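Report on the following structure.
Read the figures in this text as sums done on the coordinates, not as results from a lab. From a predicted model like this one, the values you see are computed outputs, not experimental measurements. Here the Cβ positions follow ideal geometry from the backbone for every residue, glycine too, while neighbour counts run over all protein chains shown.
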Amino acid sequence: MTLEEKIAQLFGVWVGASAEGGDVAPHQHDMEEVVDLDELLPHGLGQLTRPFGTAPVDPALGALSLARTQRRVVAANRFGIPAFAHEECLAGFAAWGATAYPVPLAWGATFDPDLVRLMAAAIGRDLRSVGVHQGLAPVLDVVRDARWGRVEETIGEDPYLVGTVATAYVQGLESAGIVATLKHFAGYSASRAGRNLAPVSMGGREFADVILPPFEMAVRESGVRSVMHAYTDIDGIPSAADERLLTELLRDTWGFEGTVVADYFGIAFLKTLHGVAGSLGDAAGAALAAGVDVELPTVKTFGEPLRKAIAEGTVPESLVDRAARRVLLQKIESGLLDADWDPTPHALAGTSPEHARGTVDLDGAPNRALARRVAEESVVLLSNDGTLPLTGGRAPARIAVIGPNAETPTAVLGCYSFPVHVGSRTPETPLGIDLPTLREALAAEFPDSEIVTTAGLAAADATGTEGFDAAIALAREADLVIAALGDRAGLFGRGTSGEGCDAASLSLPGAQEQLLDALMDTGTPVVVTLLAGRPYALGRAVQESAAIVQTFFPGEEGTTALAGVLSGRVRPSGRLPVSVPLRPGAQPSTYLAPRLGQATEVSNLDPAPAFGFGHGLTYTTFDWSELRVDTELAATDGEFTLACTVRNSGAVPGTEVVQLYLHDPVASVVQPVQRLVGYVRLPELAPGEAVRVRATVPADLASFTGRAGRRIVEPGDLELRLSASSTTPLLTARVALSGPVREVGHRRRLHAHFTTEPMPQA
């Protein structure tokens with residue numbers, strides 16, 4: 001291959017991006033290039049950017065259009081190499097008419113990797129069915145500050161939960177033949193003050209023990225084939241130019257063999273934002289040297305600037321060879337160079353465009369059923385004074401649904417759903433999927449109740465109180481108020497949650513807390529429901545509301561799931577993947593803090609949460625008993641075994657999540673007070689039913705980065721806490737490790753092993 005042909009495999013082209021009418025990536029319109037396909041294609045093309053996720057298009061017509069483009073690409077270059085087509089799939093395939101699943105924060109709330117794997121496989125099959133090869137998901141960033149706008153895209157604040165759920169998602173996507181993409185590697189979520197793309201202040205130990213473990217787990221266990229670098233820098237080194245990160249750690253140590261792709265325009269940012277490259281050619285060379293293989297979303301630095309740098313001898317051509325080899329191997333693995341490869345999806349073979357419209361269904365009944373199941377498992381009951389469930393003749397005669405999310409169809413969607421990400425800029429286009437509002441879902445759930453509604457606020461972030469009088473009057477005349485609060489997803493300040501929609505504090509947006517207080521002042525019982533992208537401090541409602549039900553953008557079936565939890569048709573089983581703060585300004589907002597990160601006698605601020613990580617109520621009660629520790633003393637290369645019995649002691653079926661936390665009282669470096677090292681979501685238990693839960697816990701799970709910068713296991717006392725949440729330890733096993741300090745590498749054991757066995761009924 002000529003130099004031009006090799007370079008052509010290393011970039012994408014984003015056709016039609018400038019017609020979107022708004023940014024969907026940082027500095028998008030500052031970075032856009034006028035691309036002449038007739039000039040580019042004779043050399044080949046690496047990637048086609050978002051053929052379905054750029055503008056509304058019927059899926060069948062989009063698939064035929066993509067196939068035509070691929071034939072054009074193949075015919076134009078002398079080797080007949082097709083392009084990879086990639087799409088966003090953070091909460092489902094981001095295409096018009098495709099199922100909008102719950103956002104990743106809701107996946108975390110399920111504590112159910114098996115279900116997430118099924119969902120990802122369905123998303124992957126839909127991507128594959130229309131000719132897409134790569135999905136830009138999942139996000140493995142660990143939440144460090146909930147004010148960050150992209151919290152909704154994350155799985156939670158705990159690295160083990162993030163790693164297990166993300167690994168399952170990758171396994172599902174890859175099982176359908178789609179190249180999954182881990183992002184954002186690494187440290188993006190730890191920006192100062194929760195501001196998007198802000199500087200990151202982080203020590204090496206936090207980076208190694210909090211940020212990296214989810215990526216390591218996914219690389220080792222999922223079969224992932226692509227990684228996307230982060231926008232940010234760590235200690236002055238931008239990820240896109242960090243050879244230690246992208247080559248020495250990712251490839252040489254962890255053994256990753258796939259492609260590293262740029263976050264959109266991230267290579268050019270080495271010059272324009274980070275100031276570590278003097279020209280775009282220098283930026284291209286730095287990224288290639290670090291280990292970036294593909295420039296996305298469109299050619300900027302890997303075009304003429306790279307060619308010029310190679311001609312001048314400042315960038316060696318061998319770097320291009322290395323990246324091109326990785327890209328071509330991935331295309332070969334994906335079957336794009338097979339002799340019988342056909343860009344037209346099998347279901348559309350021989351179909352003309354005039355007959356194709358409407359023939360591809362990306363939101364069929366199986367998808368919706370799966371979306372409903374994920375949504376139902378992700379609903380978290382935070383508090384309940386006994387008002388819920390509204391079942392057995394307890395449904396109020398008159399229910400007032402009040403709040404900015406009462407009648408907003410898109411209130412269930414995150415910023416990377418198609419209707420929000422793209423559709424919001426084409427309001428004349430139908431949504432493409434059925435999105436029942438909360439009022440509609442409640443009307444269907446409670447057919448014998450009168451449902452009345454008013455917004456109270458013009459929008460989620462509205463500050464005007466002119467609608468309060470009507471809301472208060474409606475509340476006083478009702479038997480129950482359901483406060484419909486939360487976020488409006490958007491991009492770069494066009495919402496209250498989402499990329500570039502960072503929060504100054506964790507108060508409810510706009511005047512929502514004032515509205516909530518006014519509703520509680522009426523004396524009518526208030527059930528608070530949240531359709532949100534992050535946790536918020538809820539003020540008086542923590543103590544004074546009848547109940548609080550938290551959802552994190554639960555997708556197209558979200559309001560139906562939420563209504564089902566209120567009625568009792570759905571039994572709540574979600575657990576918090578992020579802590580809910582008691583006060584809007586108390587930081588840190590993550591439970592992963594050392595002793596000095598908790599309340600102390602030398603500060604007047606108590607950062608304790610209102611509801612901690614892992615918290616979630618059910619409509620029943622569980623007794624935990626009969627703790628047995630078979631191994632109380634183990635070598636630093638050994639393991640512990642313990643067991644307990646969990647019994648449903650209430651009157652209705654329910655699901656418990658057993659969480660295992662490790663507390664290390666004395667360590668050579670400061671440790672979090674506790675950290676999650678394992679969990680198991682139990683099968684639903686009937687009243688009186690019990691299971692015996694057994695856990696084998698390898699000593700490797702007690703490892704951390706020591707003073708010398710290497711991961712070690714130290715001898716000493718430990719506590720293994722079997723807990724219902726990070727704030728609810730129920731049974732504590734006091735154990736100890738003996739022997740020498742042991743250094744562990746990247747082949748250490750990553751999981752506790754759980755088994756469950758049915759027990760006799762009480």
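When peptides 455-466, 732-743 are ranked by their average number of other Cβ atoms within 10 Å per residue, the highest-first order is 455-466, 732-743. Pairs from the table (K308/K331; K6/K183; K6/K300; K271/K308) lying more than 18 angstrom apart at Cα are K308/K331; K6/K183. Highest average first, the peptides 651-658, 746-753 ordered by how many other beta carbon atoms sit within 10 Å of their residues are 651-658, 746-753. For C501, what residues show an amide H to amide H distance below 5 Å, using hydrogens built from the backbone and excluding near sequence neighbours? Answer set, sorted by chain and number: G149, F492, G493. What the pair-distance distribution of the range 189-344 shows, using all Cα-Cα distances binned every 10 Å from zero, is 11, 37, 34, 16, 3, 0 percent. Projecting the alpha carbon convex hull of the chain along each direction and taking the average yields 33.0 nm². Highest average first, the peptides 485-494, 75-84, 159-168 ordered by how many other beta carbon atoms sit within 10 Å of their residues are 159-168, 485-494, 75-84. Annotation for the range 527-611: GluC sites (Glu not before Pro) lying in DSSP loop with at most 14 further Cβ atoms inside 10 Å of their Cβ are E601.
Shown in residue order for the range 200-207 are the 3J(HN,Hα) couplings computed by the Karplus curve 6.51 cos²θ - 1.76 cosθ + 1.60 at θ = phi - 60°: 10, 10, 8, x, x, 6, 4, 4 Hz (x for Gly and Pro).
Of the trypsin sites (Lys or Arg not before Pro) found in the range 540-632, those that fall in a DSSP loop while having at most 13 other beta-carbon atoms within 10 Å are R540.
From the square roots a ≥ b ≥ c of the eigenvalues of the alpha-carbon gyration tensor of the range 508-665, which class results: rounded (a/c under 1.5), prolate (a/b over b/c), or oblate? Cα axes put the range 508-665 in the oblate bin. DSSP bridge analysis restricted to the chain gives an antiparallel fraction near 55%, rounded to the nearest 5. Residues H615, H346 in ascending order of nearby Cβ atoms (within 10 Å, fewest first): H346, H615.
Of the residues L246, T696, F468, the one whose Cα sits farthest toward the positive end of the charge dipole of the chain, with +1 on the Cβ of Lys and Arg and -1 on the Cβ of Asp and Glu, is T696.
The residues E450, E152, E407, when put in order of fewest to most other Cβ atoms within 10 Å, stand as E450, E407, E152.
Mind jotting down the distance between the C-alpha centroids of the range 250-269 and the range 389-440, whole Å? Comparing the Cα centres of the range 389-440 and the range 250-269, I get a distance of 38 Å. Under 12 Å from the Cβ of S573, count the other residues' Cβ atoms, weight Lys and Arg +1, Asp and Glu -1, and hand me the total. The answer is -1.
Karplus-derived 3J(HN,Hα) values for the range 558-566, using 6.51 cos²θ - 1.76 cosθ + 1.60 with θ = phi - 60°, are x, 5, 5, 5, 5, 4, x, 5, 4 Hz; glycine and proline are entered as x. Note on the range 374-611: antiparallel DSSP beta bridges, both residues inside, total approximately 20 percent of the bridges counted.
If only the Cβ of Lys and Arg carry +1 and only the Cβ of Asp and Glu carry -1, the dipole of the range 374-611 around its Cα centre is close to 480 debye. Computed extension length for D342-A593: 85.0 nm, one decimal, from 0.36 nm per residue of separation with the Cα-Cα distance subtracted. Over all other residues within a Cβ to Cβ distance under 9 Å of A290, the charged ones net out to -1, with Lys and Arg as +1 and Asp and Glu as -1. Summarising the amide proton neighbourhood of L731: residues at separation of 5 or more, or on other chains, whose placed amide H is nearer than 5 Å comprise L722. Close amide H pairs (under 5 Å, H built 1.01 Å from N) link L182 with S226, V227, M228, residues at least 5 positions away or on another chain. Label zone (R734, point 7 Å along Cα-to-C-beta; backbone nitrogen cut-off 17 Å) within the range 623-644: 627-634. Taken over the range 622-759, the percentage of Cα pairs per 5 Å bin, counting from 0 up to the bin with the maximum distance, is 2, 10, 20, 22, 17, 12, 8, 5, 3, 1, 0.
For the range 287-391, the list of GluC sites (Glu not before Pro) that fall in a loop by DSSP and count at most 13 other C-beta atoms within 10 angstrom reads E312.
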